[in-house]
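Data block below; observations after.
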Amino acid sequence: MSTYEYPDRPQVAVGAIVIRDNKVLFVKRGQPPGEGEWTIPGGRVELGESLQKAAEREVKEETGVIIRAGNPVHIFDRIDRDHLGHIRFHYVIVDLLADYIRGEPYPNDDACEARWVTPEELDELPASQTTKEVLRKARCNFSKSSGALEVMVTSLRQGEPL
């Protein structure tokens, strides 16, 4: 059992939405919570670390990809309970938009797979509804043409409300 299971308070975590060539960087989680799910890379914020630095560190640790993290675009809770109803994990997750700098993804740390995912592939991957909603909220309609991602990035960088 990890030290983050059955917490006495929520943990703060980050996720990074990284887009390159109309594909989003995804990892398949190799451990709970969400083991086996595809999601954007991220993890816990360490004491004294900014949200941006945490996102940059976590993406590099999980995928080897170097990013520059930007502003938050979505905040949500992930509360997982065990079969008795006790809280096993509780994270407050802040997703940030990030610029791709360099690197090709490979799985590391708690990711068992890492790769770029096309809009069409997302529909086929076992991803949580929250992950899909984050991307929808960010004006990323994966059933549309490649322009949708570029519109999302432009809108978010201009500070438009979601």
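The table below lists the values:
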quantity: Residue within the range 77-92 that is over 25 Å from Glu5 (Cβ atoms) and among the β-branched types (Val, Ile, Thr) present; calculated: no
quantity: Test for Glu104: is it part of a loop (DSSP other than H, G, I, E, B), surrounded by fewer than 14 Cβ atoms within 10 Å (Cβ to Cβ), out of contact with any Asp or Glu (no Cβ under 9 Å at 6 or more places or on another chain) and at pLDDT below 90; calculated: no
quantity: Positions within the range 58-101 being part of a helix (DSSP H, G or I) and within 16 Å of Gly34 (Cα to Cα), in sequence order; calculated: Glu62
quantity: Ala55, sole failed condition from (1) in a strand (DSSP E or B); (2) crowded, with 18+ Cβ neighbours inside 10 Å; (3) modelled with pLDDT of 95 or more; calculated: (1)
quantity: Filter pass, Glu61 being out of contact with any Cys (no Cβ under 7 Å at 6 or more places or on another chain) and surrounded by 14 or more Cβ atoms within 10 Å (Cβ to Cβ); calculated: yes
quantity: Total residues in the range 1-50, condition buried (at least 16 other Cβ atoms within 10 Å of the Cβ), of a type in the set (Gly, Ala, Ser), in contact with a Lys or Arg (Cβ under 9 Å, 6 or more places away or on another chain) and not in a strand (DSSP E or B); calculated: 1
quantity: Residue in the range 2-14 that is charged (D, E, K, R) and in contact with a Ser or Thr (Cβ under 6 Å, 6 or more places away or on another chain) present; calculated: no
quantity: Hits in the range 74-96 - residues which are hydrophobic (A, V, I, L, M, F, W, C) and under 19 Å from Ser128 (Cβ atoms); calculated: Ile75, Phe76, Ile79, Ile87, Phe89, Val92, Ile93, Val94, Leu96
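The values are calculated or read from the model by the stated rules, or taken from the named source; none is laboratory data. Since the model is a prediction, treat every value here as computed from it, not as a measurement. Positions of Cβ are generated from backbone atoms using ideal geometry, with glycine treated the same way; all protein chains shown enter the neighbour counts.
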